[in-house]
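Worksheet: the structure to be examined is printed underneath.
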Amino acid sequence: MLGLPWWAWLLLGVVAFLWVAFVAARSWRRTIRLEFIEFLRREAPEVEILKELEHELVVKVRGGGDGTLRLDRLYREGSRLKPEDTARREDLFNRLLAVLRESPDIGRLESEEDRRRILPRLVTDSFLRQIRAEMAGEVLPALPLGVPGLSVVLVLDGETAVAYLSEGQLSAIGLTPEEGLELARQNLARSFESAIVRRALTDGSLNVVKAGDSFDAARLLLVPGALAPGEQVVALIPDRDTLVVTSAPRDGNWAGLRKLARAAAGEPLWTEPLVVTAEGVSTIRL
């Protein structure tokens, strides 16, 4: 341990901080999430919960399609309430249900503002199989990321929910999956600072992106565009809400980065460092 370089100590410190924060918050998040799920089952029988994740619920609304309900607002506003304040917590649940019932309507994608809500999301093969199985009769297009086991899907973003866009829905608004991905990249680029990539190149700093909008990992798609031919950085996407950009270890010791890649603060997404160049994303070769 005494022979670790300074950056390894820094990485271990970040890992320890993330782990403590994760353990401290996870129990509380689970409690209020289960309360909200029980509320939905009692008050909204038309909402079927297909899968429970720590930061989102995959749902199907009767008469509508599949989508995901982000729980960021539940956690953010719920954290301000006292445990005994059941009335205000019930009010929060009702407001979230109202938003869910008005979730993104793909049939109304007409204006330029609607198209600005199309965004990319990174998913694992197992999650992709599950979503496709639940979208009976529809084809959910998935575009390759360049990393076996990870794909890119397209969603329509709403205030607290996203709806997965099928091939037919994209076609109805005049987009192929490839055109949809390019549009999604452009939309996401409005909330991405390419300076973090340049900092990783110039000083080897550890740059963490946590906008908290459920698209942090998807911002990995924008990193190649910030690189010139021959340049390379390392990216970590331990969970949907984290993107880390840094440089490769000069001594060839990937242990610290591999540990950080496993420090998910929620449902794990990818547990290994990724190499990013101007040409795209690939796995490391150890």
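The values are calculated or read from the model by the stated rules, or taken from the named source; none is laboratory data. From a predicted model like this one, the values you see are computed outputs, not experimental measurements. FYI the Cβ positions are ideal-geometry reconstructions off the backbone, even for glycines, and counts take in every protein chain you see.
Just a few scattered comments:
- Exactly one residue out of G67, G63 is among the small types (G, A, S), over 20 Å from the mean Cα position of the chain (by Cα), modelled with pLDDT under 85 and not assigned by TED's automatic domain parsing to the domain that holds I118, and it is G63.
- Pair list, Cβ < 7 Å and 6+ apart or interchain, from the stretch 115-128 residues that are in the same structural domain as E56 (by TED's automatic domain parsing) and among the β-branched types (V, I, T) to residues that are modelled with pLDDT of 90 or more and crowded, with 22+ Cβ neighbours inside 10 Å: none
- A200 vs. criteria of a type in the set (G, A, S), over 30 Å from W28 (Cβ atoms), in contact (Cβ under 8 Å) with a residue 40 or more places away in the chain and buried (at least 17 other Cβ atoms within 10 Å of the Cβ): yes
- Unique residue being in the same structural domain as S214 (by TED's automatic domain parsing), buried (at least 16 other Cβ atoms within 10 Å of the Cβ), out of contact with any Asp or Glu (no Cβ under 9 Å at 6 or more places or on another chain) and in contact (Cβ under 8 Å) with a residue 60 or more places away in the chain when the list is L269, L274: L274
- Flag for G146 being in a loop (DSSP other than H, G, I, E, B) and closer than 15 Å to I237 by Cα: yes
- Failed item in (1) under 30 Å from L96 (Cα atoms); (2) touching a residue at least 40 places away in the same chain (Cβ under 8 Å), with V147 passing the rest: (1)
- Verdict on V99 being under 20 Å from A163 (Cβ atoms), in contact with a Leu (Cβ under 6 Å, 6 or more places away or on another chain) and at pLDDT 65 or above: no
The rows are residues; the columns are (1) under 17 Å from E138 (Cα atoms); (2) outside the structural domain of A248 (by TED's automatic domain parsing); (3) of a type in the set (V, I, T); (4) more than 16 Å from the chain's Cα centre (by Cα).
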{"site": "V155", "(1), (2), (3), (4)": "yes, yes, yes, no"}
{"site": "E167", "(1), (2), (3), (4)": "yes, yes, no, yes"}
{"site": "A184", "(1), (2), (3), (4)": "no, yes, no, no"}
{"site": "A195", "(1), (2), (3), (4)": "no, no, no, yes"}
{"site": "A200", "(1), (2), (3), (4)": "no, no, no, yes"}
{"site": "S205", "(1), (2), (3), (4)": "no, no, no, yes"}
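- Counting the residues of the stretch 149-168 that are out of contact with any Pro (no Cβ under 9 Å at 6 or more places or on another chain), surrounded by fewer than 23 Cβ atoms within 10 Å (Cβ to Cβ) and assigned to a strand (DSSP E or B) gives 0.
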